[in-house]
1. Looking at the range 1-35 only, could you name the residues that are closer than 17 Å to Ile71 by Cβ and touching a residue at least 24 places away in the same chain (Cβ under 8 Å)?
2. Which ones in the range 36-80 are among the β-branched types (Val, Ile, Thr), without any contact (Cβ under 8 Å) to a residue 24 or more places away in the chain and either in contact with a helix residue (DSSP H, G or I) (Cβ under 6 Å, 6 or more places away or on another chain) or within 29 Å of Gly18 (Cα to Cα) (or both)?
3. Tell me, please, whether a residue that is within 23 Å of Ser80 (Cβ to Cβ) and open to solvent by 60 Å² or more (accessible area, probe 1.4 Å) can be found in the range 13-29.
4. How many residues, within the range 36-69, are open to solvent by 80 Å² or more (accessible area, probe 1.4 Å) and either over 13 Å from Val5 (Cα atoms) or in a helix (DSSP H, G or I) (or both)?
Amino acid sequence: MKARVTVTLKAGILDPQGKAIEGALKSLGVDGVASVRQGKVFDIELSGSDKAKAEATLKAAADKLLANTVIENYRVEVLS
């Protein structure tokens with residue numbers, strides 16, 4: 001079974017890496033960029049076929065390791 005965990009900074013948290021990317025895009029001539037926020041994506045393959053169990057397992061993993069829940073949000077998607 002395949003899943004994806006997407007981790008992003010919470011609203012109001014400063015994102016210096018996103019600002020640096022924004023500046024680089026503008027210096028490369030990419031027009032229309034208002035702002036950039038960066039994040040992380042984890043593509044994970046799991047054994048088994050129980051989607052509810054997979055989602056619970058990945059939420060626990062995100063809480064413990066993949067995301068800093070003080071400053072980051074995460075979203076778990078079980079893809080197949």
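The values are calculated or read from the model by the stated rules, or taken from the named source; none is laboratory data. This structure is a prediction, so every number in the text was calculated from the model and none was measured. Cβ atoms come from the backbone with ideal geometry, glycine included; neighbour counts cover every protein chain shown. Just so you know, the surface numbers come from the protein's heavy atoms only, side chains and all, with ligands and any DNA or RNA stripped out. Shrake-Rupley method; radii C 1.70, N 1.55, O 1.52, S 1.80 Å.
1. First, pick out the residues of the range 1-35 that are closer than 17 Å to Ile71 by Cβ: 5-19.
Result: Val5, Thr6, Val7, Thr8, Leu9, Lys10, Ile13.
2. If the condition is that a residue be among the β-branched types (Val, Ile, Thr), without any contact (Cβ under 8 Å) to a residue 24 or more places away in the chain and either in contact with a helix residue (DSSP H, G or I) (Cβ under 6 Å, 6 or more places away or on another chain) or within 29 Å of Gly18 (Cα to Cα) (or both), then Val36, Thr69, Val70 are the ones that fit.
3. Scanning the range 13-29 turns up no residue that is within 23 Å of Ser80 (Cβ to Cβ) and open to solvent by 60 Å² or more (accessible area, probe 1.4 Å).
4. Adding up the residues that qualify gives 10.
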